[in-house]
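Notes to accompany the following structure.
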Amino acid sequence: MDNETKLILQKSVNDWCLDNTDLIQQLEQPKQNSVAANTLFDELNQLGLLSIFHDEETRSEISMLAEVGCQFAIHSASIALMVVQQNLACALLAQAKLEAPLGWVALPLYDSVYEWSYQIQYEQKGKNTITNGNWLSISLLPIATTLLLPIQAKDKTTSFAHISLSATATKKNNIEISPAITALGLRGAPSGDLKANGLSLSEDDLILNSTKDEDFVTNLWSQAEIYIMAIRSGIAESSYRTARDYATERYQGGKIIIEHSLIRKLLADFYREKSALEENWRTFSQTISPDLSISDGLMGIALASAEKLPWLTSDGIQILGGVGYMSDFIQERRFRDAKQCEFLLGHPQAKAFSNWHADAS
Amino acid sequence: MNSFLINECAPLAKLGAEIQEWSFLERFPELAFIAKSNNSLGKQLEQSYLNAVEFSERYVAPQALAIDKKMTEDPHYVPEDLLKKACEYKLFSTMFPAFLGGSGLHPICTFITYEVIATHCVGIANLLGVNGLGICCVLASFDPRGLSVITKEICENEKNGIPTFLSTCVTEPGAGSDAEDADEFANAQLTTTAKKVDGGYILNGTKIFISNGGHAQIHAVMTFDADGAHTPDDQMLLLVRSGSKGLSIPRLENKMGQKACHAAEVHFDNVFVPENMMCRKDESSTSSYSYTGIANVLGVTRAAVGAWSTGVAENAYRTALRYARDNDFLGQPMEQQQWVRLELAQLARRAQVARSTYIGALLAVSTTGLISPLAITQKEPKLPDWLKHNNTVRNLREKVLSGDLTHRAFKFMAQLQTSAERDIATGYGDVAKVSCSELALENCQKAITLMGKGGLRHENGAEKLLRDVRLLQIYEGTNQVNMLDYVKRRVIRQFDTQLSL
Ligand SMILES: Cc1cc2nc3c(=O)[nH]c(=O)nc-3n(C[C@H](O)[C@H](O)[C@H](O)COP(=O)(O)OP(=O)(O)OC[C@H]3O[C@@H](n4cnc5c(N)ncnc54)[C@H](O)[C@@H]3O)c2cc1C
């Protein structure tokens with residue numbers, strides 16, 4: 001993506017968010033708002049932002065999706081996540097030569113590929129695949145029309161060769177979907193629990209199950225770390241800006257608080273960290289190949305960003321004092337979202353173990 | 001694929017449905033040591049602990065998540081049943097001396113009680129315990145009359161199962177940290193003022209972020225004489241009744257956590273406050289406060305935030321322990337993995353460090369701070385029962401105790417306190433507040449990280465903890481402001497020979 005495209009993209013996402021502050025607010029309420037979620041889908045779909053990865057021309061534009069994710073996250077991390085998730089789903093559907101979806105797609109975004117094996121199992125009965133099991137916290141499940149679900153062959157050792165990806169409608173017999181989970185953050189992008197109780201899938205429902213597909217899925221999930229890093233960077237950026245601007249207005253201790261060196265230090269350290277977060281995803285999004293998993297080093301950087309962000313956004317609250325704790329200034333939402341983002345694409349410790357595993361063996 | 005996981009620990013012995021509470025000795029060995037040399041104090045401490053454990057397990061733990069959810073939807077909701085039970089357990093009067101109708105327990109009993117409640121819900125601990133802040137403010141004015149107005153009402157109501165709340169109104173839109181720091185007072189943009197009129201004062205202004213402000217029956221309002229100066233020594237503490245004409249609650253704040261205890265804006269529009277509801281520093285004075293008064297209050301209330309924080313740190317540890325007991329990580333039982341056990345041990349360790357820190361502050365403040373005179377005056381004089389319950393005797397006693405003599409006695413004891421002693425108590429309070437709240441925050445973050453996506457779900461408890469804990473770094477002065485105070489009281493003192501004991 002060239003610089004000009006980047007600037008246009010930044011401006012259009014920013015303008016869209018500023019024009020749609022009411023919609024963002026409706027989405028970010030503690031209670032799930034399906035109407036707002038559907039409106040959001042229609043709006044963003046029309047702008048082509050939900051199918052960047054379905055379109056052949058833009059499918060490999062890692063930096064474009066990352067840029068979109070970061071810009072949305074400055075205004076709403078939930079929307080950023082929804083855009084990224086929908087594009088990941090589009091990439092999977094395009095790989096299976098299926099059409100772009102007409103509604104939100106649910107994906108197990110809170111689990112790493114290594115965690116997939118322990119959830120839903122299948123057995124082959126004639127031509128049908130019968131699945132059983134529970135999967136907790138599937139992202140966008142309560143508002144999705146389609147579900148992309150990895151399923152594991154029963155009694156097989158855990159390896160991708162025995163995992164298939166199924167694509168199915170969310171309204172189906174033998175699927176139970178919980179209401180939206182009351183979660184810490186990213187409340188605009190609700191998660192739900194799935195119970196498959198003898199769910200029967202046809203051959204058409206099983207979309208990706210070859211060794212080639214395994215590479216594709218693993219690479220996609222691995223590269224997705226870049227988009228999540230971009231979202232984290234957007235959250236840090238907005239928390240920083242709010243803190244900086246507040247510090248130039250708030251008067252305590254005989255002066256505007258930005259004149260206290262203690263506040264200057266907090267802001268300077270925050271600036272250093274948020275700039276590093278930004279530099280990391282920008283640099284890496286331009287250098288990695290769409291056909292490869294990210295390096296172990298980059299995974300390390302991604303994990304470090306997951307760990308860092310909750311502390312940065314915590315400072316974002318502290319600089320505001322009491323008002324930082326109130327929902328009016330959004331700092332508290334960024335703090336909650338930051339912690340929620342720590343677990344996107346899987347448990348950080350599971351990722352750290354798997355990242356190191358090849359080296360140890 | 002997951003052979004990097006080693007299942008090396010034998011399963012823990014089958015744990016019961018709930019985590020077993022520690023004995024007093026197990027939880028507070030430092031206090032148990034003191035209790036050994038003072039049998040009656042020991043009994044008080046242990047009994048208070050057991051009482052708090054029973055109340056918390058029966059009434060706080062089962063409702064904590066439901067109240068949090070309910071009050072997210074409706075911040076005006078009041079958990080009436082819980083409050084009634086709190087009256088039965090005498091949680092509102094535990095902090096008062098017997099001569100004022102309270103429990104007569106040593107002040108440390110109150111702190112450990114609130115650590116235990118905070119172990120189950122710090123929002124509820126705040127709801128029940130924040131009265132203590134106002135009481136300390138009144139106490140620091142050394143006006144026994146003001147104190148007896150409040151204590152009498154709280155204790156009498158408690159006997160009848162009616163919870164009584166006292167809010168403390170200090171913070172204003174233009175004065176947060178400044179209003180908490182005696183040295184910054186001159187800069188504080190405090191605009192709430194009281195004008196002297198016949199028979200009392202007319203109060204005008206707005207206070208914000210007031211805990212329990214929306215349902216408090218009495219508000220302890222920090223203000224200034226409208227025509228006077230604005231130094232710490234000119235502060236007035238007015239006790240304002242909630243039904244007063246002109247008093248309104250324009251809004252309840254929409255805050256991230258500690259939902260059980262709302263924070264309100266309290267507005268005073270020409271509110272008349274009778275003369276006898278003004279706490280006096282001196283019989284002759286029109287002010288309630290002094291520089292030392294503020295410092296003394298902070299020594300106690302900051303240690304209290306340390307106790308609440310310790311409860312949260314303990315809760316985070318227990319929440320993660322329960323989760324690890326019941327869940328797998330990559331197909332293996334969590335609790336059988338050594339690294340998980342290490343994380344759990346670290347959570348327990350931080351809670352223990354926090355506890356030792358706030359208990360250290362309590363001991364300091366009981367030795368040299370505001371509650372040292374209170375600790376002495378806790379005891380009810382030994383009178384025969386018939387005399388104790390005789391109305392004339394009781395009235396006479398009340399009169400004496402709320403009169404000038406007691407006032408002088410209070411003041412005399414306070415004057416014995418040197419500036420160095422005050423700095424010890426307040427400095428320890430600063431450290432307890434900052435260290436315990438930081439340890440608690442770290443525990444909540446780490447507990448969720450261990451639990452993974454399960455830690456983000458409301459029903460598992462940890463997400464509420466993270467929302468709750470974040471307030472502890474802010475109120476009673478931000479942690480940074482506490483540390484600036486510590487610099488004055490402990491760091492600079494080491495270079496200033498004039499100031500040593
Ligand atoms: C939920 C809640 C409940 C509360 N309950 C009560 C209550 O019951 N009664 C009551 O009176 N108040 C209450 N408060 C107010 C609380 O005590 C204040 O929020 C706190 O003192 C901080 O003040 P502030 O919010 O105005 O922050 P500010 O003072 O505006 O601080 C903003 C930032 O500036 C920094 N800062 C401030 N002064 C200095 C300085 N001199 N040098 C360097 N840095 C500085 C702070 O550390 C902070 O980072 C409550 C607050 C909350 C959030």
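Numerical summary
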quantity	calculated
Percentage relative contact order, chain A, counting C-alpha pairs under 8 Å, at least six apart	18
Helical mean residue ellipticity (222 nm; -39500 (n - 2.57) per DSSP H run of 4+; nearest 500) of chain B	-16000 deg cm²/dmol
Cα lying deepest toward the dipole's positive end in the protein assembly as shown, options A:Tyr227, B:Trp339, A:Ser305, charges on Cβ	B:Trp339
Square roots of five times the Cα gyration tensor eigenvalues for the stretch A:40-169, Å	28, 15, 14
Chain A - mean residue ellipticity at 222 nm from DSSP helices (-39,500 (n - 2.57) per run, n ≥ 4, rounded to 500)	-17000 deg cm²/dmol
Selection from A:Phe353, B:Ile19, A:Thr248, by position along the positive dipole direction of the protein assembly as shown (Cβ)	B:Ile19
Alpha-carbon centroids, the stretch A:227-286 and the stretch A:91-126: separation in whole Å	37
Longest exposed-site-free window of chain A, the sites being GluC sites (Glu not before Pro) in a DSSP loop that have at most 14 other C-beta atoms within 10 Å	A:100-248
Interface A:B - total buried accessible surface [probe 1.4 Å, Å², rounded to 100]	4500
Solvent-accessible surface (1.4 angstrom probe) belonging to B:Thr292, in square angstrom, nearest 10	50
Relative contact order, percent, chain B [alpha-carbon distance under 8 Å, six or more residues apart]	17
Per-residue HN-Hα couplings for the stretch A:209-216 [Karplus 6.51, -1.76, 1.60; θ = phi - 60°; Hz; x = Gly/Pro]	8, 9, 5, 4, 5, 4, 4, 4
Student exercise, chain A dipole from Lys, Arg, Asp, Glu Cβ charges, in Debye to nearest 20	880
Selection from B:Leu471, B:Val353, B:Leu247 lying farthest towards where the dipole of chain B points positive, charges on Cβ	B:Val353
Listed residues A:Ser63, A:Ser210 arranged by accessible area, highest first, probe 1.4 Å	A:Ser210, A:Ser63
Over the stretch A:113-209: Kirkwood hydrodynamic radius from C-alpha pairwise inverse distances, Å	13.7
Residues of chain B: accessible area per residue with a 1.4 Å probe, Å²	39
Dipole in debye (nearest 20) - the protein assembly as shown, about Cα centre, beta carbon charges: Lys, Arg +1; Asp, Glu -1	2560
Summed residue charge, Cβ within 15 Å of A:Ile301's Cβ, Lys/Arg positive, Asp/Glu negative	-2
For the stretch B:431-495 and the stretch B:122-155, distance of Cα centres in Å	25
Total formal charge among the other residues, if their Cβ is under 10 angstrom from that of B:Leu466, Lys/Arg +1 and Asp/Glu -1	+3
Protein-only accessible surface order, largest first, of A:Trp356, A:Trp221 at 1.4 Å	A:Trp356, A:Trp221
Heavy atoms of A:Ser200: accessible area, 1.4 Å probe, square angstrom to 10	50
Rounded to 5, percent antiparallel among DSSP beta bridges of the protein assembly as shown	85
Accessible area (Å², 1.4 Å probe, nearest 10) - A:Phe353	40
Chain B - share of DSSP beta bridges that are antiparallel (%, nearest 5)	85
Average partner coverage of B:476-482, which counts Cβ from other chains inside 10 Å	3
Relative contact order of the stretch B:166-283, pairs being alpha-carbon contacts under 8 Å that are 6 or more residues apart, as %	30
With eigenvalues of the C-alpha gyration tensor scaled by 5 and rooted, the protein assembly as shown, Å	54, 29, 24
For the stretch A:212-360, the Rg and Dmax computed from alpha carbons only, in angstrom	17.8, 66
Alpha-carbon centroid distance for the pair the stretch B:23-63 / the stretch B:272-313, whole angstrom	27
Residue pairs, from the table B:Lys255/B:Lys433; A:Lys11/A:Lys308; A:Lys308/B:Lys69; A:Lys125/A:Lys154; A:Lys265/A:Lys308; A:Lys308/A:Lys339, whose Cα atoms sit over 19 Å apart	B:Lys255/B:Lys433; A:Lys11/A:Lys308; A:Lys308/B:Lys69
Cα pair distances exceeding 24 angstrom across the stretch B:166-283, given as percent	22
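The values are calculated or read from the model by the stated rules, or taken from the named source; none is laboratory data. This is a predicted model, so every value here is computed, not measured. In this analysis, Cβ positions are derived from the backbone assuming ideal geometry, glycine residues included, and neighbour counts consider all displayed protein chains. With ligands, DNA and RNA removed, areas are computed over all heavy atoms of the protein, side chains included. Shrake-Rupley method; radii C 1.70, N 1.55, O 1.52, S 1.80 Å.
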